[in-house]
1. With all protein chains present and a 1.4 Å probe, how do VAL32, VAL100 order by accessible area, largest first?
2. Provide, in order from the shortest bin, the percent of all Cα-Cα pairs of the chain in each 10 Å bin, continuing until the bin that contains the maximum pair distance.
3. Using the crude model of +1 on Lys and Arg Cβ and -1 on Asp and Glu Cβ, and no other charge, please compute the dipole size for the stretch 158-213 relative to its Cα centre, in debye to 20.
4. Determine the calculated [θ] at 222 nm for the chain from helices alone, applying -39500 (n - 2.57) to every DSSP H run no shorter than 4 residues and normalising by the residue count; nearest 500 deg cm²/dmol.
5. About its Cα centre, what dipole magnitude does the stretch 99-213 give when the only charges are +1 on Lys and Arg Cβ and -1 on Asp and Glu Cβ, stated in debye to the nearest 20?
6. Quick one: grab the alpha carbon gyration tensor of the stretch 82-142, order the square roots of its eigenvalues as a ≥ b ≥ c, and give me rounded if a/c is under 1.5, else prolate or oblate depending on whether a/b is larger than b/c.
7. Against the longest principal axis of the chain, how steep is helix 2-29, in degrees 0 to 90 to the nearest 10, with axes from Cα atoms?
8. Determine, for each peptide in 118-127, 155-164, the mean count of other beta carbons within 10 angstrom over its residues, then list the peptides with the highest first.
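The values are calculated or read from the model by the stated rules, or taken from the named source; none is laboratory data. Please read all numbers here as calculations on a predicted model, not as lab measurements. Note that each Cβ is placed from the backbone with ideal geometry, even for glycine, and that neighbours are counted across all protein chains shown. Just so you know, the surface numbers come from the protein's heavy atoms only, side chains and all, with ligands and any DNA or RNA stripped out. Shrake-Rupley method; radii C 1.70, N 1.55, O 1.52, S 1.80 Å.
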Amino acid sequence: MRKQYSLKKIIALFLFITSASFAQERTSENPVSIIGEFGINKHGTGDMSGYLYGLRVHKPISKRFEIIASFEANLNDGEDRPFIWEDPNGNTYDSTLHDVLAGFQLNAGIGFNFVNSGSNKFGVNPSVFTRYQADSFFNEKTIDYPILTGLPYPIRYLIRNEPGRTFSVGGSIRLYYHYRINSKFLVGINPGFQTDTNGDTMLFTSLSFGVFL
């Protein structure tokens, strides 16, 4: 009876060591990665160019699939038509408006890897997100010049019909290519597209640098 109990312990210990070794091997092959990104984007509201940046976490659940969560943000700006005028004393003023749009969002989705071998990983990442956004857009802009008003300066009228701060939900899809430099670091490129319930769209491409945990 005692020998049988000892044999069971040996078998259990063997199975534990084997499973632990297997788990460690899988973790080293498919480690969790934290990836920072920076890139350019084109925002559909006003078609303004700008920058995007973010932090992404990739957690593999198999060689083909991974869970992906991220914090992403963007900053876009554009210049309106030049508006430079001169007062009766000859002083020149630049009253050109600059439109600014900024936002941040939290994404959650999955990754499907078409290629995941050696140092190369190529996949697609559909996700959903919640987004906060603020902008300085005006729906109507008109100017009354001194010749009409008799005043020594022009008068500008700015009318906004939509809120300047919005919350929305949306969907995003992006491709990602990661090159594993060594056991600790990776680099990559990530083009993608997103849209949300406010009707805003964004095309983007970013470069990424990540570390394996």
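1. On the way: VAL32 40, VAL100 60 Å².
Largest accessible area first, the list is VAL100, VAL32.
2. 7, 25, 20, 16, 12, 9, 5, 2, 1, 1, 0, 0
3. On the way: 5 positive and 3 negative charges, 55 e Å.
It works out to roughly 260 debye.
4. On the way: 2 runs with 32 residues, N = 213.
Rounded to the nearest 500, the figure is -5000 deg cm²/dmol.
5. Values: 9 positive and 7 negative charges, 116 e Å.
So the dipole magnitude of the stretch 99-213 works out to roughly 560 debye.
6. Numbers: a/c = 6.03, a/b = 3.03, b/c = 1.99.
It comes out prolate by the Cα gyration axes.
7. Between helix and principal axis, roughly 30 degrees.
8. Numbers: 118-127: 16.3, 155-164: 11.0.
Taking the mean over residues of other Cβ atoms within 10 Å, the ranking is 118-127, 155-164.
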